[in-house]
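The values are calculated or read from the model by the stated rules, or taken from the named source; none is laboratory data. Here the structure is a predicted model, which means the values were calculated and not measured. For neighbour counting, all protein chains shown are included, and Cβ atoms are generated from backbone atoms with ideal geometry for every residue, glycine included.
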Amino acid sequence: MELTVTGGSTIKVNEAIFARDFSEALVHQVVTAYLAGGRAGTKATKNRSAVSGGGRKPWKQKGTGRARAGTIRSPLWRGGGVTFAASPRDHAQKVNRKMYRAAMQAILSELVRQDRLVVVEDFNLDVPKTAQLAKLLSSHDFVKGLLITDSLNDNVFLAARNIPAVYVLDVDAIDPVSLVGAEKIIITVAAINKIQEWLG
């Protein structure tokens with residue numbers, strides 16, 4: 001399989017990566033797991049064992065006329081612990097490496113089918129000028145999305161910061177959520193080769 005590079009040339013790519021059938025269930029599972037892994041899970045309240053005090057029985061069991069009580073830190077008492085208290089938890093979901101790679105392949109293949117993946121030789125800038133990058137992007141009818149390089153280029157990264165909804169990533173930083181959410185992606189030939197080494 002070949003992908004067309006802007007300018008007329010072509011690059012040979014692995015069909016297993018860029019022409020794979022799209023599995024909505026697999027992609028959904030991997031995207032959900034990725035988002036779940038980013039959750040903080042830090043909410044916490046104290047239950048009756050975590051609240052300080054309450055080491056002794058407030059009054060004797062019988063003979064006082066009051067309801068029996070074993071601790072002043074009962075959830076029924078003011079200052080007591082919370083019933084079914086929230087505790088810190090890990091929301092991460094396990095995804096096998098094989099499943100993750102298959103989902104990334106399916107996403108990349110769908111981007112190719114929808115003509116949302118534009119391959120260029122390179123877009124290195126001599127200086128970090130937003131105007132230069134904006135002119136380059138407009139030549140590809142690119143309004144918003146991702147710029148993917150094999151390694152992070154400081155000039156491109158700095159130039160893109162002032163352009164709304166344009167993000168620069170290297171191959172090591174791409175993830176299923178950013179790929180799925182990108183309206184359009186411009187990727188270099190070197191990045192394509194690096195992805196093939198990774199997912200091949």
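What to note about this one:
- Of all positions in the stretch 182-192, none carries a residue that is more than 21 Å from residue 5 (Cβ to Cβ) and either in contact (Cβ under 8 Å) with a residue 24 or more places away in the chain or of a type in the set (Val, Ile, Thr) (or both).
- Within the stretch 96-168, helices (runs of 4 or more DSSP H) holding 3 or more residues that are modelled with pLDDT under 90: 130-138, 154-160
- Residues that are surrounded by 12 or more Cβ atoms within 10 Å (Cβ to Cβ) and either closer than 30 Å to residue 31 by Cα or of a type in the set (D, E, K, R) (or both) within the stretch 51-85 comprise 57, 73, 85, listed in sequence order.
- Scanning the stretch 163-181 for residues being free of Cβ contacts under 8 Å to residues at least 40 places away in the same chain and surrounded by fewer than 20 Cβ atoms within 10 Å (Cβ to Cβ) gives a total of 9.
- A single entry from 14, 96 fulfils the requirement of being exposed (fewer than 13 other Cβ atoms within 10 Å of the Cβ) and under 29 Å from the mean Cα position of the chain (by Cα): 96.
- Residue tally, condition closer than 22 Å to residue 108 by Cβ and either in contact with a helix residue (DSSP H, G or I) (Cβ under 6 Å, 6 or more places away or on another chain) or outside any loop (DSSP other than H, G, I, E, B) (or both), over the stretch 23-53: 14
- Residue match in the stretch 151-167 (condition: closer than 17 Å to residue 6 by Cα and in the same structural domain as residue 33 (by TED's automatic domain parsing)): no
- Every condition in (1) surrounded by fewer than 16 Cβ atoms within 10 Å (Cβ to Cβ); (2) in contact with a Ser or Thr (Cβ under 9 Å, 6 or more places away or on another chain); (3) not small (Gly, Ala, Ser) holds for residue 48 except the one numbered (1).
- The residues of the stretch 121-137 that are under 16 Å from residue 185 (Cβ atoms) and free of Cβ contacts under 8 Å to residues at least 60 places away in the same chain, listed by number, are 133, 136, 137.
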